[in-house]
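> Dropping a structure here in structure tokens format, bear with me for questions.
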Amino acid sequence: MARSLQQIQEEILELSTSDKEALLRALWEDLDGPSDPGVEAAWLDEAKRRDAELDAGSVESVPASEVFERLRASLEK
């Protein structure tokens, strides 16, 4: 006989933190589907491009606190 969702949830709560994390990752991967190698490559290219811009000094980084401050201000409008 299949276990109920309630029983499964109770068993999960008894797991160690690391086992819960492993289960969560497995479930997320199952729901998300297989990764798209094209997307992975595109993000890697973008990260490399941005890193090169920072190294070359053609762009300046903005501290996260300033980004969030600007975002809050724009949402308040």
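Read-outs throughout are calculated quantities, based only on the coordinates presented, and are distinct from any laboratory measurement. Remember, predicted model here, so these are calculated numbers, not experimental data. Heads up, the Cβs are rebuilt from the backbone with ideal geometry, glycines too, and the neighbour counts pull from every protein chain shown.
> Between the helical axis of 64-76 and the dominant principal axis of the chain, each derived from Cα atoms, what acute angle in degrees is found, rounded to the nearest 10?
Rounded to the nearest ten degrees, it is 80.
> Based solely on its DSSP helices, what 222 nm [θ] is calculated for the chain when runs of n ≥ 4 H residues each add -39,500 (n - 2.57) and the sum is averaged over all residues, nearest 500 deg cm²/dmol?
Calculated mean residue ellipticity at 222 nm is -24500 deg cm²/dmol.
> Helix 37-56 versus the longest principal axis of the chain: what is the Cα-based angle in degrees, 0 to 90, to the nearest 10?
The answer is roughly 40 degrees.
> Here's another thing I want to ask about it. Over the alpha-carbon set of the chain, work out the extent along each principal axis and list the three values in angstrom, largest first.
Computed over the Cα atoms, the extents are 63, 37, 24 Å.
> I want to verify a result. In a Gaussian network model of the chain, Cα cutoff 10 Å, which of these has the top mean-square fluctuation: GLU66, GLU29, GLU14?
Result: GLU66 has the largest fluctuation of those listed.
> 7 Å from Cα along Cα→Cβ at both ARG49 and ASP32: what's the point-to-point distance in nm?
Label at ARG49, label at ASP32, 2.2 nm between them.
> What's the local net charge at ALA26, with K and R +1, D and E -1, over the other residues with C-beta under 12 Å away?
-3
> What does the stretch 37-76 give for Rg and for Dmax, in Å, if only its C-alpha atoms count?
Over the stretch 37-76's Cα set, Rg and Dmax evaluate to 14.1, 39 Å.
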